[in-house]
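> Sharing a structure below in structure tokens format, with a few things to ask.
The values are calculated or read from the model by the stated rules, or taken from the named source; none is laboratory data. Note that the structure is predicted; figures quoted are calculated from it, not measured. Positions of Cβ are backbone-derived with ideal geometry, glycine not excepted, and every protein chain shown enters the neighbour counts. For the accessible areas, the whole protein counts, side chains as well, though only heavy atoms, and no ligand, DNA or RNA atoms are used. Shrake-Rupley method; radii C 1.70, N 1.55, O 1.52, S 1.80 Å.
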Amino acid sequence: MSERIPKGALVLLAALLLCAPPFYLDAFWLRIGLFSMAAAIGAVGLGLLTGTAGQLSLGHAFFLAVGAYGYTWLAGESGPGLPTALAAVLAVLLAGAAGGLFSPVAGRVRGIYLGVATLALVFLGHHVLLTADSVTGGFNGRSVPPLSLGGFSFGDDGAGLVVLGVPFGAEERLWFLGLALLAGTWWTARGLLRGRPGRALAALRDSETAAAVMGVDIARHRASAFVVSSMYAGLAGVLLALAFRRVVPDYFGLALSVDYLAMIVIGGLGSVAGAAAGAVFVTALPLLMTRYADQLPLVTAPGTTEGGVGPTEAARYLYGAAIVLVLLYAPDGLTGITRRVRARLRPAAPAPAPATRPSASAVRTKEPTP
């Protein structure tokens, strides 16, 4: 019988594989990885809110913008000029504070009504980003200061850092920062789901009446889920800003919120791994189609006037079709498909031997009592 590989060995192997790309891949593939890691962090937060707590949110792009612009302003020359590490932490807390201000609404409204309420945040936030020129830079946005930790810069500082013969620029350095942030997000989210808060949110999602009978404070847990999700989105916004190196208002629109909903639906609601997988799929697909637009049928390269579909629109059609297929044939998303495939590949346990019954001759008849 084959022995299973220890879980610790699998985690170590996965960590080594994820640390290898900066030594072998060029900047384009590293940027895809950075954008995917940032999207995975935000998708995990939305998965906790929508997949676990059962609260529909269309305002995730707003909290991403709070994190991205909060870091840019706090660390930039137009703002206080704080140390970049402190600015990143404060930006995440600022996103959580924004979620806390909205949490009374999230604690009392649910379903489509909460979705419409959060939709207002996206339009309000986009208007503020365009008009508050002194903070956001208006339509043109602002350049993002590179992050520095203990004197080590995660940007192109001109120091010419070389590791194992490979020049380490901004993408290579940010890759390891993104891995660390994603690992921390993964660990904390799984801890929440496996602990009492996760069980309370799952009970709240399944039945509010049953959750209230079990002693779950419905309003408080809904509000807490919204704040935690907002902080994850703020952290994703900080990493996105560092990867893009410039923030502009048009990126943080309604389409971004819809993309995040697509991520958690395709990956599997209520699953940390599923949210990360859906984020990679939705983020990488348009970038890859843009790269290989001239080799794909019916897809035109960006900026051309020929008949056809642009790579971004084609990507939206594809993962829109993926959402329909998931809802029809795999409601638990990529996570459920993976679980079923693993169950089929796992060797079947040997059938238990049938119980033997004693023969008739071995059965001693009971003597009558005198």
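> Out of the residues in region 286-311 meeting the condition of being hydroxyl-bearing (Ser, Thr, Tyr) and modelled with pLDDT of 80 or more, tell me which one is least open to solvent (accessible area, probe 1.4 Å).
Within region 286-311, the subset hydroxyl-bearing (Ser, Thr, Tyr) is 290, 292, 300, 304-305.
Retained after the next criterion (residues that are modelled with pLDDT of 80 or more): 290, 292.
Values: 290: 58, 292: 78 Å².
Ranking the qualifying residues of region 286-311, first place goes to 290.
> Hey, which of the helices (runs of 4 or more DSSP H) in region 1-104, taking only ones fully inside, have at least 3 residues that are free of Cβ contacts under 8 Å to residues at least 24 places away in the same chain?
Qualifying helices (runs of 4 or more DSSP H): 7-19.
> Which of the residues belonging to region 132-149 are assigned to a loop (DSSP other than H, G, I, E, B) and either surrounded by 15 or more Cβ atoms within 10 Å (Cβ to Cβ) or in contact (Cβ under 8 Å) with a residue 40 or more places away in the chain (or both)?
If the condition is that a residue be assigned to a loop (DSSP other than H, G, I, E, B) and either surrounded by 15 or more Cβ atoms within 10 Å (Cβ to Cβ) or in contact (Cβ under 8 Å) with a residue 40 or more places away in the chain (or both), then 137, 141, 144, 145, 146, 147 are the ones that fit.
> Here's another thing I want to ask about it. Could you tell me which numbered condition residue 234 fails, if it satisfies all but one of (1) surrounded by 24 or more Cβ atoms within 10 Å (Cβ to Cβ); (2) modelled with pLDDT under 90?
Of the numbered conditions (1) surrounded by 24 or more Cβ atoms within 10 Å (Cβ to Cβ); (2) modelled with pLDDT under 90, the odd one out for residue 234 is (2).
> For region 244-271, give me each residue that is open to solvent by 10 Å² or more (accessible area, probe 1.4 Å) and either in contact with a Phe, Trp or Tyr (Cβ under 6 Å, 6 or more places away or on another chain) or among the hydroxyl-bearing types (Ser, Thr, Tyr) (or both).
Scanning region 244-271 gives 251, 271.
> Specify which of the listed residues (228, 216) is touching a residue at least 12 places away in the same chain (Cβ under 8 Å), open to solvent by 40 Å² or more (accessible area, probe 1.4 Å) and either hydrophobic (A, V, I, L, M, F, W, C) or assigned to a helix (DSSP H, G or I) (or both).
Details: 216 fails: open to solvent by 40 Å² or more (accessible area, probe 1.4 Å).
None of the other options fit; the residue is 228.
> Just to verify a result, which residue in region 27-81, among those that are among the aromatic types (Phe, Trp, Tyr) and open to solvent by 20 Å² or more (accessible area, probe 1.4 Å), is nearest to residue 230 (Cα to Cα)?
Within region 27-81, the match that is nearest to residue 230 (Cα to Cα) is 62.
> Of all residues in region 98-121, which are open to solvent by less than 60 Å² (accessible area, probe 1.4 Å) and modelled with pLDDT under 80?
106, 107, 109, 111
> Being open to solvent by less than 50 Å² (accessible area, probe 1.4 Å), without any contact (Cβ under 8 Å) to a residue 24 or more places away in the chain and among the small types (Gly, Ala, Ser) narrows it down to one of 276, 211, so name that one. Even if it seems obvious, please write down each step before you answer.
On the way: 276 fails: without any contact (Cβ under 8 Å) to a residue 24 or more places away in the chain.
After ruling out the rest, the residue left standing is 211.
> Separate question: List every residue pair whose Cβ atoms lie under 8 Å apart, where the two residues are 6 or more positions apart in sequence or sit on different chains, the first residue falls within region 316-345 and is touching a residue at least 40 places away in the same chain (Cβ under 8 Å) and more than 11 Å from residue 262 (Cβ to Cβ), and the second residue, located anywhere, is of a type in the set (Ser, Thr, Tyr) and open to solvent by 60 Å² or more (accessible area, probe 1.4 Å).
none
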